[in-house]
Amino acid sequence: MAGYILRRLVSTIAVMAVVGIFIFLLLRLAPGDPAAMIAGKEATAEMIAGIREQLGLNAPLPVQFARWAGDMLRGDFGTSIFAGRPVLELIAQRLEPTVSLALMTMLLSVTVGVSFGILAAWRAGRLVDRLLTAFSALGYSVPVFVIGYFLIYLFAIKTHWLPVQGYVPIDAGLGHWFVHLILPTVTLSLGYIAFIARVTRTSMLEVLSEDYMRTAAAKGASSYAMLFHHALKNAGIPILTVIGISFAYLIGGVVLTETVFNIPGIGRLVVDAINNRDYPIIQSVIILTSGLYVLINLAIDLAYTLVDPRVRY
Amino acid sequence: MGLLIILALAAPLYAGDPGNMDPFRRLQPPSAEMWFGSDNLGRDVFARTIFGARISLLVGLMSAACAALAGLLIGVTAGYSRSIDKIVMRVMDGLMSIPTILLAIALISLTGPGIGILIVAIAVSETPAVARLVRSVVLGVRERPYVEAALCGGARLPKVLWRHILPSTVPALMVQGATVSASAILTEAVLSFLGVGVPPEIPSWGNMIASSRLYLAIAPMTIFAPGICLAVTVLAVNLLGDGVRDLFDPSAKRRR
């Protein structure tokens with residue numbers, strides 16, 4: 001087990017190094033001299049040369065990379081070109097809305113997605129199954145922002161049941177916070193519910209056709225016990241894997257949902273950064289999210305042993 | 001799906017000019033003259049939606065084709081050579097860990113919005129999935145007796161790859177191709193919606209929705225027309241993929 005964790009950590013570091021090199025090269029290859037960008041339009045050639053020296057842009061590329069990676073490892077993600085403040089500080093400010101949205105979405109999609117999947121597998125071939133399958137094909141295909149605008153139109157503009165846009169911090173009252181998060185969460189969840197339901201259904205169907213399930217039925221186990229006690233436990237691994245993979249997907253969805261619902265989170269920070277060409281923010285968010293992705297998938301690999309004691313490393 | 005392509009190709013024949021502005025007829029509701037109404041600059045939403053289909057399909061299919069080709073090359077190479085495999089697959093893992101949209105955004109920020117870079121960016125972010133799939137197929141096939149027999153019989157490696165290994169990747173590649181196309185079309189729309197995809201003067205479903213979003217309450221058709229087209233297209237491509245899978249793998253159908 002310890003050996004396995006160690007090996008996985010090494011490969012995780014390798015993956016992060018690849019991401020780091022990629023992002024670094026991308027930034028260095030970007031047209032436009034960063035020094036000229038910082039200096040502004042009216043800078044003289046000497047001023048630009050001075051900033052170049054100051055930024056260490058005259059050093060050889062590997063040296064620059066080593067410095068850059070060193071800064072990252074020490075937690076220094078640079079300074080935003082546009083806001084002139086440390087990137088990490090800007091990200092921290094925007095963390096609450098994004099984390100709220102992501103956690104709510106995960107909660108909703110895993111509960112609903114897994115239940116839909118179980119229901120569809122249990123009633124395979126019947127009407128409920130067909131309806132759920134159709135729904136999941138739809139949920140798969142309709143893009144997040146289309147769902148978002150449709151829901152806003154239906155529940156906010158036509159009926160005034162829910163607020164149109166915006167975000168209210170938790171401090172301002174749990175009720176307000178929750179009401180403002182309903183539409184974004186539902187919007188973002190539909191795709192995952194579809195995805196998770198689909199995988200749960202396939203995986204459950206596979207398990208349900210096993211011999212031990214027939215044995216369970218023969219000994220008189222209730223369908224509840226069969227589904228939840230025998231089947232779900234054995235179908236757990238693919239479901240867990242999918243939840244891990246969909247995290248990368250979730251980030252993209254968060255960027256969109258925040259734009260549609262005007263939520264001041266990390267997604268909006270990125271979108272604004274693109275418009276301002278604020279490279280330090282873009283690179284930091286990419287590195288942090290891919291780091292998080294790698295860690296979550298590592299955690300899920302380790303969680304396999306909890307779900308399925310037969311898995312040993 | 002075929003219908004969609006025909007509609008898109010024949011667009012100039014029947015739809016009006018998508019760039020034609022009419023300041024006196026802004027945000028009109030749907031009428032006989034303009035089926036989907038008009039947008040905030042008085043442009044015909046129907047014409048723009050139809051022309052948008054051309055861009056979406058072009059970018060989606062082109063980038064899926066590029067991704068499939070690149071993925072195939074990388075996958076076959078990685079599947080066949082252990083030493084290259086380690087390095088290449090680490091790079092692919094790295095690319096995969098970056099969320100698609102952020103990766104595409106990072107690539108596009110190099111040159112600024114444009115259709116060429118858009119295709120490249122989407123292709124790069126879709127390639128790892130294809131490469132991984134092809135590699136796993138190649139790994140499975142290369143130990144098969146007929147491949148060994150061909151090698152023992154004196155066939156050269158490139159010929160074996162071409163004649164015996166490549167064909168076995170085709171079914172999986174086609175199914176994956178549909179998935180990749182669907183996701184490429186979606187990514188194009190998403191990027192255009194965020195303002196980093198297709199330049200705003202060219203009508204695309206993504207940037208139509210983006211430019212109309214302030215008018216949701218007044219003229220919902222300006223958002224729903226391209227939105228529904230987008231959803232239908234992606235659904236059609238996804239169903240096509242399911243169909244192809246059932247064709248090549250009848251056991252999957254019986255299980256459903």
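The values are calculated or read from the model by the stated rules, or taken from the named source; none is laboratory data. Quick caveat, the model's predicted, so the values are computed rather than measured. Here the Cβ is made from the backbone with ideal geometry for all residues, glycine too, and neighbour counts use every protein chain on show. For accessibility, only protein heavy atoms count, side chains too; no ligands or nucleic acids. Shrake-Rupley method; radii C 1.70, N 1.55, O 1.52, S 1.80 Å.
Remarks
- Flag for residue A:197 being farther than 30 Å from residue B:208 by Cβ, away from chain B (no Cβ under 12 Å), crowded, with 22+ Cβ neighbours inside 10 Å and at pLDDT 80 or above: yes
- So residue B:172, is it within 14 Å of chain A (Cβ to nearest Cβ), at pLDDT 75 or above and part of a helix (DSSP H, G or I): no
- Considering A:139, A:117, the condition of being more than 26 Å from residue B:101 (Cβ to Cβ), surrounded by 19 or more Cβ atoms within 10 Å (Cβ to Cβ) and either of a type in the set (Asp, Glu) or assigned by TED's automatic domain parsing to the domain that holds residue A:190 (or both) is satisfied by A:117 alone.
- Selection of segment B:62-91 for residues being modelled with pLDDT of 85 or more and open to solvent by 30 Å² or more (accessible area, probe 1.4 Å) yields B:62, B:65, B:66, B:69, B:70, B:72, B:73, B:74.
- Considering residues of segment B:213-236 that are open to solvent by 30 Å² or more (accessible area, probe 1.4 Å) and either modelled with pLDDT of 70 or more or in a helix (DSSP H, G or I) (or both) only, the residue nearest to residue B:115 (Cα to Cα): B:229
- Subset of segment A:220-275 (residues that are within 9 Å of chain B (Cβ to nearest Cβ) and among the hydroxyl-bearing types (Ser, Thr, Tyr)): A:249, A:259
- Residue in segment A:264-271 that is open to solvent by 10 Å² or more (accessible area, probe 1.4 Å), modelled with pLDDT of 85 or more and not in a helix (DSSP H, G or I) present: yes
- Pair list, Cβ under 8 Å, 6 or more apart: segment A:73-92 residue free of Cβ contacts under 8 Å to residues at least 40 places away in the same chain, other residue aromatic (Phe, Trp, Tyr): A:86/A:77
- Any pair with Cβ under 7 angstrom, 6 or more apart, that starts in segment A:120-141 at a residue that is more than 9 Å from every other protein chain (Cβ to nearest Cβ) and ends at one that is polar (S, T, N, Q) and assigned to a helix (DSSP H, G or I): A:120/A:133
- Of all residues in segment B:62-120 being free of Cβ contacts under 8 Å to residues at least 12 places away in the same chain and among the charged types (D, E, K, R), the one that is farthest from the other protein chains (Cβ to nearest Cβ): B:82
Residues are listed down the side, and each one gets a yes or a no for (1) open to solvent by less than 20 Å² (accessible area, probe 1.4 Å); (2) modelled with pLDDT of 75 or more:
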site: B:164; (1), (2): no, no
site: B:188; (1), (2): yes, yes
site: B:211; (1), (2): no, no
site: B:238; (1), (2): no, yes
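- Filtered by the rule that a residue be over 14 Å from residue B:54 (Cα atoms) and not in a loop (DSSP other than H, G, I, E, B), segment B:193-208 gives B:193, B:194.
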